[in-house]
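For reference, the structure I am asking about is given below.
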Amino acid sequence: MQGLRILLRKELAEGWRTKRTPVVVGLFVIMGMLAPLLARFTPAIVAASAGTHLADALPTPTAADAVDQFLKTTGQLGAFVAILLAMGSVAGDRERGTAALVLTKPVSRAAYLVAKLIALGALLGVATLAAGAATAAYTAVLFAPLSLPGFAAAVALVWIGLLVPAAITFLGSVLVRSPVAAAGLGFAWVIVGGVAAALPTIGADMPAALTGEARQLALGLGIGPSASAIGAPVFVTVLILGASVTIAWRAFSRQEL
Amino acid sequence: MSVRNHPMSVRNHPMSIGTLPDSAVRADAAIVTRGLTRRYGSVLAVDHLDLDVPAGSVFGFLGPNGAGKTTTLHLLTGLARPTAGNAVVAGIPMGSDSVALGARIGYLDQSPRLFGWMKGRELLELAGRLCGLDGSALRTRVGELLDVVGLADAAERPISGYSGGMRQRIGIAQAVVHRPAVLFLDEPVSALDPEGRRDVLELLEQLRPETTVFMSTHILGDVERICDRVAIVDHGRLVIEAPIAELLERYARPAWELEVDPGQGVALARVAEMLRSRSWVRSVDVDAAVGRITVRDTGRAAAELLPVIAGTGIRLVRLERVRPTLEDVFLELVGRERADADATEAA
């Protein structure tokens, strides 16, 4: 893949110089910090706003609540950020004419796409890791230390889960000329994926089921009700990622710029 | 005889579409196309285009808006695929190896926004690295190009702060960083002010010895200034391809310009109307206080024009025979092509 290393360096530099990388990582760190803080102080917030009688009805917060809050925030807001990051990947370059500038150099189209995918995945990975580190640190201070290997595995599952809306939006960014339309495809997936996850027959095999497994791992409870529980959602997730990237590549390799 | 079938044109080259044997490629040709066609649904953007662009030339690719110029550039640079036909660019057959093609060509889009977050020097370094330059060779070439395009002082500034002319110059610099055999430019000066246009045209003239320049444009004065040869396209079809001097000699109509005192617009309109009725006058165009008269019979015009005008009593500032321009040729040929097309459609 001619030019991959140079294009990857350019993508990483672009993320840093346009402030995209520090902003996204900062946002995820804030999400990571807020998760245990919200879990710890929710009873106090409820008591201050709705009276102590309501706060007394709430159970005493634990590290599990911090983990739940972390998974919920990174799963929802994180998916939103992943879509925003991926929406302009190719469509934005085409719109600006910078795709033509790069692809009329001795560079393969595969290198161009792969560099963008690696940069996108790496940014989401670093941001998720930073959020996880913030959650682990604040949870240790406010509640009790989490099992680090288990929580690290949970963070990895969160990252894999975020790659799905990112990959589908990336595919949209290749297929359509408008970044907004590409984002539409990503959001459509979030809705469809959410609905599919609620279906009794296939819900447990959908990428959203990774959240439940991540919770188990983070709390040191091992993998789900059965050892094979994690296999199906991971398989479906990898399938969706692979299909998105393959379709994106096939479309881009013969696409007019 | 149709202009398209003129011997200067290669429209009817005996080639079968889709093949390009060695015998069809002139040894000194930088670009050869045969039957190059691109269709978008019912729209034929490029229609069986046959071109031969000699190496080392500055080649003007002219046509009105929507004539298929940008599509042709995209086909030749590998950004688009043809529906039919074939081409060889800098020795690389179309569609064979995009990486090899990229190593032999440079390209600048119409009004590119480039990477605004990069500094000028960084853009040239990126382009150079992508083209295989590195280390001191890259540094030397980048420094050299910054001097050539007059941006050495702005090299450490972000491109987002560059003016339109500066962007165009840094854009051309990144396109030639690897000394390409062929440089493709899409309307390189149309968005620039006069000073920016002058700078870019001077830069293109400097490239001439080592690079074949293929530029699409509709600014005919600039083409006349720097191009050796031109091709005129309309509705995706090649109207003609020839050296500029040959075109001017063959197709430009003899013309006179008549300038009157300001405030005599009505009188000038009357004179124009009267001249149009003369058999030796082809057309009269009036713009404010200036009239342009093209004639069918130069001898009669030389003998009769001044007496006719003087007889009207109009207050003349100037009457002179003017050099025909490429614009005259362009309007003549494109107009004729459209008339031919209309007649064919009607039939």
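Report the accessible surface area buried between chains A and B, summing both sides, using a 1.4 Å probe on protein heavy atoms only, in Å² rounded to the nearest 100.
Rounded to the nearest hundred, the buried surface is 2600 Å².
What ratio of Cα Rg to 2.2 N^0.38 Å holds for chain A?
The value comes to 1.10.
Beta carbons within 10 angstrom, averaged per residue: use that to sort the peptides B:142-153, A:162-173, A:204-215, highest first.
Top of the packing list down: A:162-173, A:204-215, B:142-153.
Also: Among the helices of chain A (complete DSSP H runs), which have Cα atoms covering no less than 24 Å along the helix axis and a Kyte-Doolittle mean of at least -0.5?
Long hydrophobic helices here: A:20-50, A:63-87, A:109-142, A:148-175, A:179-198, A:231-253.
Name the residues of segment B:101-116 whose accessible area falls by at least 50 Å² when all protein chains are present instead of the chain alone, probe 1.4 Å?
Flagged in segment B:101-116: B:Arg113, B:Phe115.
At 1.4 Å probe radius, can you tell me the per residue accessible area of chain B in Å²?
Solvent-accessible surface per residue comes out at 43 Å².
Could you please tell me the mean projected area of the C-alpha convex hull for segment B:216-318, averaged over all directions and given in square nanometres to one decimal?
Value for segment B:216-318: 8.2 nm².
Right, something else. Need one number: nm distance between label points at B:Ala84 and B:Asp97, each 7 Å from Cα along Cα→Cβ, rounded to one decimal.
Calculated label separation equals 3.0 nm.
Taking amide H positions as placed 1.01 Å from N in the peptide plane, with prolines and chain starts having none, which residues 5 or more places from B:Gly63, or on another chain, fall under 5 Å of its amide H?
Excluding prolines and chain starts, which carry no amide H, the hits are B:Thr217, B:Val233.
Would you mind getting the accessible area per residue of chain A, heavy atoms of the protein chains only, 1.4 Å probe, in Å²?
On a per-residue basis, 44 Å².
Classify the protein assembly as shown as rounded, prolate or oblate, taking a ≥ b ≥ c as the square roots of the eigenvalues of its Cα gyration tensor: rounded when a/c is under 1.5, otherwise prolate if a/b is larger than b/c and oblate if not.
Prolate, since a/c reaches 1.5 and a/b exceeds b/c.
So if R0 is 35 Å, what FRET efficiency would B:Ser160 and A:Val238 give, r being the distance between their Cβ atoms, rounded to the nearest 0.05?
FRET efficiency, B:Ser160 to A:Val238: 0.35.
Let's test this: bin the Cα-Cα distances of segment B:134-272 at 10 Å from zero up to the farthest pair and state each bin's percent.
9, 31, 26, 18, 10, 4, 1, 0
Sticking with this structure for a sec: With each pseudo-label sitting 7 Å past Cα toward Cβ, what's the B:Gln206-A:Glu256 distance in nm, one decimal?
3.6
Counting trypsin sites (Lys or Arg not before Pro) as exposed when in a DSSP loop with at most 13 other beta carbons within 10 Å, what is the longest stretch of chain B free of them?
The segment B:27-314 is the longest one with no such site.
Using only Cα atoms and rounding to the nearest 10 degrees, what angle (0 to 90) does helix B:135-148 make with the longest principal axis of chain B?
It is inclined by approximately 20 degrees.
Non-local amide H neighbours of B:Val317 (under 5 Å, H modeled in plane, Pro and chain starts lacking H): which ones?
Placed amide hydrogens put B:Glu259, B:Val260, B:Asp261 under 5 Å from B:Val317.
Relative to the compact globular guide of 2.2 N^0.38 Å, what is the alpha carbon radius of gyration of segment A:18-170, as a ratio?
Here the answer is 1.30, to two decimals.
Could you work out the mean count of beta carbons from other protein chains within 10 Å of each residue's beta carbon in B:119-129?
Per residue, the average neighbour count from other chains is 2.
Counting only DSSP beta bridges with both residues in the protein assembly as shown, tell me the antiparallel percent, nearest 5.
Antiparallel: roughly 70 percent of the beta bridges in the protein assembly as shown.
Take the Cβ-Cβ distance between B:Thr298 and A:Ile191 as r, set R0 to 60 Å, and report the resulting FRET efficiency rounded to the nearest 0.05.
According to the calculation, E is roughly 0.20.
Now, a different point. Check which residues have an amide H placed less than 5 Å from B:Arg237's amide H, if you skip close sequence neighbours.
Correct list: B:Asp47.
Need the C-alpha centroid separation for segment A:54-129 versus segment A:143-159, integer Å.
One Cα centre to the other: 19 Å.
Which residues in segment A:124-167 have a backbone N closer than 13 Å to a point placed 7 Å from the Cα of A:Leu12 along the Cα-to-Cβ line?
Zone members listed by number: A:126.
Follow-up. Apply the Karplus curve 6.51 cos²θ - 1.76 cosθ + 1.60, θ = phi - 60°, to the phi angles in segment B:209-214 and return the couplings in whole Hz, x for Gly and Pro.
After applying 6.51 cos²θ - 1.76 cosθ + 1.60, I find x, 9, 9, 7, 9, 10 Hz.
For segment B:94-111, in order, what is each residue's ³J(HN,Hα) by Karplus, 6.51 cos²θ - 1.76 cosθ + 1.60 with θ = phi - 60°, in whole Hz (x at glycine and Pro)?
Each residue of segment B:94-111 in turn: 4, x, 7, 7, 5, 5, 5, 5, x, 6, 9, 10, x, 8, 9, 6, 6, 6 Hz.
Counting only C-alpha contacts under 8 Å and six or more residues apart, can you give the relative contact order of chain B as a whole percent?
19
Tell me the Kirkwood hydrodynamic radius of segment B:22-243 in angstroms, computed as one over the mean inverse distance between distinct C-alpha pairs.
17.6
When Lys and Arg each count +1 and Asp and Glu each count -1, what net charge do the other residues less than 12 Å away from B:Ala301, Cβ to Cβ, add up to?
+4
Another question about this same structure. Give me the angle, in degrees from 0 to 90, between the Cα long axis of helix B:120-130 and the longest principal axis of the Cα atoms of chain B, rounded to the nearest 10.
70
Here is a follow-up. How high is the relative contact order of chain A, given as a whole-number percent (alpha carbon pairs under 8 Å, six or more residues apart)?
25
Near A:Lys116, which aspartates and glutamates are there with a Cα under 17 Å away, not counting those fewer than 8 places off in the same chain?
Result set, ordered by chain and number: A:Glu11, A:Glu14, A:Asp93, A:Glu95.
Moving on. Over segment B:22-243, what percent of the accessible surface lies on carbon and sulfur atoms, probe 1.4 Å?
That share works out to 47 percent.
Right, here's the next one. Counting only protein heavy atoms, what percent of the accessible surface of segment A:103-183 is carbon or sulfur at a 1.4 Å probe?
81
Using a probe of 1.4 angstrom, how much of the accessible area of segment B:253-323 is carbon and sulfur, in percent?
Ligands and nucleic acids excluded, carbon and sulfur reach 50 percent.
The values are calculated or read from the model by the stated rules, or taken from the named source; none is laboratory data. No experiment lies behind these values; they were computed from the predicted model shown. For neighbour counting, all protein chains shown are included, and Cβ atoms are generated from backbone atoms with ideal geometry for every residue, glycine included. Accessible surface is based on the protein model in full, side chains and every heavy atom, while ligands, DNA and RNA are left aside. Shrake-Rupley method; radii C 1.70, N 1.55, O 1.52, S 1.80 Å.
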